[in-house]
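Novice: Dropping the structure in here first, questions after.
The values are calculated or read from the model by the stated rules, or taken from the named source; none is laboratory data. No experiment lies behind these values; they were computed from the predicted model shown. FYI the Cβ positions are ideal-geometry reconstructions off the backbone, even for glycines, and counts take in every protein chain you see. Remember, those area values only see protein heavy atoms, side chains included, never the ligands or the DNA or RNA. Shrake-Rupley method; radii C 1.70, N 1.55, O 1.52, S 1.80 Å.
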Protein chains: 2
Amino acid sequence: MEKEITIYDLAKILALSPATVSRALNDHPAINVKTKMLIAEKAAELGYRSNTFASHLRTRKTNTLGVIVPRLNSNFMSTVLAGMEEVANNFGYNLLISQSLESEAKERANAKTMFNSRVDGLLVSVAYDTDSFDHFSAFIDRNIPVLFFDRVLAHPQCGNVVIDNEQAGYDAARHLLDEGCRKLIHVTGDLRRNVYADRLAGFQRAMKKADIRTDDTMILTTDLSQDAGRSVAEKIHQMDQKPGGLFIANDLCAVTCMQALQERGYSIPTDIAVVGFNNDPVSQVITPQLTTVFYPGYQMGKTAMMAVVGQLNGTKPLDFMEPIILRSELMIRRSSKRSESS
Amino acid sequence: MEKEITIYDLAKILALSPATVSRALNDHPAINVKTKMLIAEKAAELGYRSNTFASHLRTRKTNTLGVIVPRLNSNFMSTVLAGMEEVANNFGYNLLISQSLESEAKERANAKTMFNSRVDGLLVSVAYDTDSFDHFSAFIDRNIPVLFFDRVLAHPQCGNVVIDNEQAGYDAARHLLDEGCRKLIHVTGDLRRNVYADRLAGFQRAMKKADIRTDDTMILTTDLSQDAGRSVAEKIHQMDQKPGGLFIANDLCAVTCMQALQERGYSIPTDIAVVGFNNDPVSQVITPQLTTVFYPGYQMGKTAMMAVVGQLNGTKPLDFMEPIILRSELMIRRSSKRSESS
DNA sequence: CAAGTTAATGCAATCGGTTACAATACAAGA
DNA sequence: TCTTGTATTGTAACCGATTGCATTAACTTG
């Protein structure tokens, strides 16, 4: 096991002071170019690596950003993370990633860990049941940038990166209406979460505009799991008046529900038209292919990370507060096409 | 912005020495229980948090583990990561995660970053084109545990966590043969990677046992992307002698290929039976459902992390070298069932 | 040639815990 | 009473990089 080289070792070997070595390695302008070269060479030769702890201790910066997501193993989240990782990496930041498993308690614990690890910034998509903002205020108090993405909390000092869920919900419902469905059902998640509340709001706006009264029986609040998809199918099967269209706020749930309906003999889209959300790979694999809302996950990750990094580098100072809204798009596929129009 | 409390502040307030405070906070036996209580109380009251850098600087431990994966946004990998995260979190370790994007160069850069971040251990699933072990030897030299999972490199001092790919490949091919397919085609990835080489070996063993000669035209080496799936379908369409069975080493590719074949009018499994690999959610969504190999991703993540953590805690000292092999299982579904047997 | 600049480097304190090595106090044993 | 032991706390060096404030040498300029 080799001994670790320090700037003191380098200094001694080259008959210089540690200060000069430090400055040279950081490309300080006051240091002679030739000296820099000399030091860089020797450092490489001896396999010197900077001790980040000493450095962090002194500079009070960690070059590490925390990310808290509900789950790692969803197509959408892992795509977002991939985007984040790319940007962070480019700017020399490390990522500390943890998952809340949809529980506020765990999210709280994760936030605390991040705080104690002294991350320079935090990116969060909140859990299903998160009610309070408490666990993030420690960051705000210490001026550590906090940015929410996808599932956001509104807070005057936190950035938000989202899509226009209301509009997407409107478009989805509108499309089903356009295809001739009268009775619609919307399957949603926890309405404390903006993503679901907004999609619902859009759904209702479309209904209202079409002069169709919406009542509670048309809104099914679930956890959007695959099991939920199956039980939604069951519930529909029990209904006297079957819906003509189904708007489900998550592709995996929608797909499972479609399959369950098909097993029960329903034909899609003839009997029931279905629209999902996220443009998950499964949406293109199911028969008929699922109409869904394209969600720019990769770009969302990149954008969110850019915002935080910009904030830290002082590039983007103030425009942090206004939410960044990314474009989403309804991808019309066979699961909802009743008309012969195409 | 509140000022950060240090053990010196605590010491001054309580009229004690920093050493006592430090020991008390670390539950050192030499400190009086009452003193400990006193200090703990005050620390909580003032919102003291340990400065991990100062601590790491002194102790030379980071409590951080590095993970390098080819991509974050694949169902399999994100499941593995979810498992790793859970264990790491339980044992008080943080995770530094980065992706190589299937490039050895990026993997090399990532490894270097991890090294400079002084991770206590490293878990890697290598990129498509990784040839050398160089970038990991720095860790070995410094006695930092390195463990490979899924896509592994053999090295006497590195742990391996895998499934029995050879057997899985054998089972897949054997199943197709049992279903009456004579001419088989195997679509694989870069054969430098154990996972693909082993699956191929299993495939060949099954063929040999069935007394069918395998030649190069039966083995298609691709990047297993969705595009690859489409071009495989095209290639098959061009063949004079169509294969009766298709064993594709990745579900997403298999599914895309199936769709492309179906579009061209082939019926699955009647014309061509298909077997995939990974048990990705898409495999249950496509029609007909895809026969595939269940891959215990979550468990693989947990197991790999356990091995490293055990190593670091001195619990598991030596048995690190022998590879850990997890159970995989052929999930027989409709895409390969020709016989009426069930 | 003295005074003033400029360029390059060094000194030493600092960041906040950790820990080897005392130091102190008090009680028990000789 | 004096010695020894035990329990508890303190002193101070250290981990390695950073940086404000000199210092030194070399170069201009009047």
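Novice: Restricting attention to region B:77-96, which residues are open to solvent by 10 Å² or more (accessible area, probe 1.4 Å), under 12 Å from the mean Cα position of the chain (by Cα) and under 16 Å from A:N94 (Cβ atoms)?
Specialist: Once the filter is applied, which keeps residues that are open to solvent by 10 Å² or more (accessible area, probe 1.4 Å), under 12 Å from the mean Cα position of the chain (by Cα) and under 16 Å from A:N94 (Cβ atoms), region B:77-96 yields nothing.
Novice: Within region A:1-45, track down each residue that is more than 7 Å from DNA strand D (Cβ to nearest atom), without any contact (Cβ under 8 Å) to a residue 12 or more places away in the chain and of a type outside the set (A, V, I, L, M, F, W, C).
Specialist: A:K3, A:K12, A:S17, A:D27, A:H28, A:P29, A:N32, A:K34, A:E41, A:E45
Novice: Here's another thing I want to ask about it. Could you please find all residues in region B:280-315 being within 13 Å of chain A (Cβ to nearest Cβ), open to solvent by 30 Å² or more (accessible area, probe 1.4 Å) and either among the aromatic types (F, W, Y) or free of Cβ contacts under 8 Å to residues at least 60 places away in the same chain (or both)?
Specialist: B:Q284, B:T287, B:Q289, B:Y298 - these are the residues of region B:280-315 that are within 13 Å of chain A (Cβ to nearest Cβ), open to solvent by 30 Å² or more (accessible area, probe 1.4 Å) and either among the aromatic types (F, W, Y) or free of Cβ contacts under 8 Å to residues at least 60 places away in the same chain (or both).
Novice: Looking at region A:216-230, is at least one residue within 22 Å of A:N165 (Cβ to Cβ) and free of Cβ contacts under 8 Å to residues at least 12 places away in the same chain?
Specialist: yes
Novice: Moving on to the next point. Tell me which residues, restricted to region A:35-63, are facing another protein chain (nearest Cβ under 8 Å) and assigned to a helix (DSSP H, G or I).
Specialist: Of everything in region A:35-63, those that are facing another protein chain (nearest Cβ under 8 Å) and assigned to a helix (DSSP H, G or I) turn out to be A:T52, A:F53, A:A54, A:H56, A:L57.
Novice: Out of the residues in region B:163-197 that are small (G, A, S) and surrounded by fewer than 19 Cβ atoms within 10 Å (Cβ to Cβ), state the one that is farthest from B:K242 (Cα to Cα).
Specialist: B:A197
Novice: Which one of these does A:T64 not meet: (1) over 18 Å from B:F115 (Cα atoms); (2) touching a Lys or Arg at 6+ places or on another chain (Cβ under 9 Å)?
Specialist: Going through (1) over 18 Å from B:F115 (Cα atoms); (2) touching a Lys or Arg at 6+ places or on another chain (Cβ under 9 Å) one by one, A:T64 breaks only (1).
Novice: Only one of B:S74, B:S50, B:S55 is open to solvent by 20 Å² or more (accessible area, probe 1.4 Å), within 16 Å of DNA strand D (Cβ to nearest atom), in contact with a helix residue (DSSP H, G or I) (Cβ under 8 Å, 6 or more places away or on another chain) and among the hydroxyl-bearing types (S, T, Y); which?
Specialist: Going through B:S74, B:S50, B:S55 in turn, just one is open to solvent by 20 Å² or more (accessible area, probe 1.4 Å), within 16 Å of DNA strand D (Cβ to nearest atom), in contact with a helix residue (DSSP H, G or I) (Cβ under 8 Å, 6 or more places away or on another chain) and among the hydroxyl-bearing types (S, T, Y): B:S50.
Novice: Select from region A:46-73 the residues that are away from DNA strand C (no atom under 16 Å from the Cβ) and in contact (Cβ under 8 Å) with a residue 60 or more places away in the chain and write down the one among them that is farthest from A:V308 (Cα to Cα).
Specialist: A:P70
Novice: Which of (1) over 30 Å from A:R142 (Cα atoms); (2) assigned to a strand (DSSP E or B) does A:I325 not meet, given it meets every other one?
Specialist: Of everything listed in (1) over 30 Å from A:R142 (Cα atoms); (2) assigned to a strand (DSSP E or B), A:I325 misses just condition (1).
Novice: Confirm whether B:A15 is within 11 Å of DNA strand C (Cβ to nearest atom) and either among the small types (G, A, S) or open to solvent by 70 Å² or more (accessible area, probe 1.4 Å) (or both).
Specialist: No; evaluated as a whole, the condition is false for this residue.
Novice: Considering only residues of region B:207-236 that are under 17 Å from B:N250 (Cα atoms) and of a type in the set (S, T, Y), which is most open to solvent (accessible area, probe 1.4 Å)?
Specialist: For region B:207-236, the residue satisfying everything is B:T221.
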